[in-house]
1. Based on DSSP H assignment, which helices of the chain show an axial Cα extent of at least 18 Å together with a mean Kyte-Doolittle hydropathy greater than or equal to -0.5?
2. Of GLY100, LEU45, GLY89, which is farthest along the charge dipole of region 13-119 in the positive direction, counting Lys and Arg as +1 and Asp and Glu as -1 at C-beta?
3. Using 0.36 nm per residue of separation minus the Cα-Cα distance, give me the extension gain between ILE135 and ALA181 in nm, one decimal.
4. Which is farthest toward the positive dipole end of the chain among SER10, SER112, LEU167, measuring Cα position about the Cα centre, with Cβ charges +1 (Lys, Arg) and -1 (Asp, Glu)?
5. For the chain, what is the calculated [θ] at 222 nm in deg cm²/dmol (nearest 500), taking -39500 (n - 2.57) for each run of four or more DSSP H residues and dividing by its residue count?
6. Looking only at GLU145, GLU79, GLU157, which one moves most when the chain is put into a Gaussian network model with springs between Cα atoms under 10 Å?
7. Considering only the chain, what is the antiparallel percent among its DSSP beta bridges, to the nearest 5?
8. Ranking HIS124, HIS86 by Cβ neighbours within 10 Å, fewest first, what do you get?
Amino acid sequence: MLVIDDVLISSEVLERKFVCNLNACKGACCWEGDYGAPVDVQEKLSIQSQNENIKVLLGPEAKQILEENEGFVYYDEAESWGTALHPDGSCVYLFRDELGIAKCAIEQAFHSGISSVNKPISCHLYPIRVTKNEIQGFEAWNYDEWDICSAACQLGEELKVPVYQFLKEAIIRAKGEDFYAQIEGGVAFSKDV
C-alpha cells in the first residue's frame, strides 16, 4: 500500500497490469453493472450543463431519458448519484461506433471540442474504484477486478503496463501531476527496498 496525503492506494493499483482492450470487450463496462457511473454533485451539474452539446451524439431513446431526468439518478443502495440507465441497463450516455464498440458520448463530445466536460472521473479512473470515508477524512483507491476486463489484464501483462501507468492521464486529472509523480516515486522506492 502507498499513502499520499489523504489517499490510500492499494498495492494492486501499483503492481497489477492493465490496458483496456476495446476490441475484445466492446466497452462492456458501459452496459454491465447495477448502477450508472458514480458522480459527485458538482460533476453531475457540470455534465448536465453540457447535455445539449452531448445529445447530438445520442439516439432518440437516450435523448428522451435525458429530457426526463437530465441524465442522472440517485441510487439509494449505492448512496450516490450516477448516470441514468436505459431499460437494458446500459449507460444513457453510451453510443456505439461502426464496429459496435460502446463509446461515451460525454468523452467523445469533449475530445471533439463540442463540450467542455470530460466523462465522469469514476469512468476515467477505472479499474480504480475510489471509496471516500468522510468521517475519517481519507480516500481508498482499490483495483476493481471484473471478469469483463480479463482481456485488458492479459494485454496489460503482455505490454507490462501497471494500472497506475495506464491511468496516468486520469490520475493527473483527479489529483494533479505532483500526486502522480509521488506514485511513481513510491513505486521506485519500493523496488529499491
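1. Numbers: long enough: 177-192 (23 Å, -0.40).
Taking the DSSP H segments of the chain (at least 18 Å long, mean hydropathy at least -0.5), we get 177-192.
2. The residue sitting farthest along the positive end of the dipole is GLY100.
3. Working: separation 46, 0.36 × 46 = 16.56 nm, distance 2.76 nm.
Between ILE135 and ALA181, full extension yields an extra 13.8 nm.
4. Working it through, the farthest residue towards the positive pole turns out to be SER112.
5. Details: 11 runs with 81 residues, N = 193.
Computed ellipticity for the chain at 222 nm equals -11000 deg cm²/dmol.
6. Per the Cα network of the chain with a 10 Å cutoff, GLU79 tops the list.
7. Numbers: 20 of 23 bridges.
Of those bridges, close to 85 percent are antiparallel.
8. Numbers: HIS124 18, HIS86 14.
Fewest-to-most ranking of HIS124, HIS86: HIS86, HIS124.
FYI, it's all coordinate maths here, none of it is from the lab. Predicted, not measured: the structure shown is a model, and the values here were computed from it. All Cβ positions, even for glycine, are placed from backbone atoms using ideal geometry, and neighbour counts span all protein chains on display.
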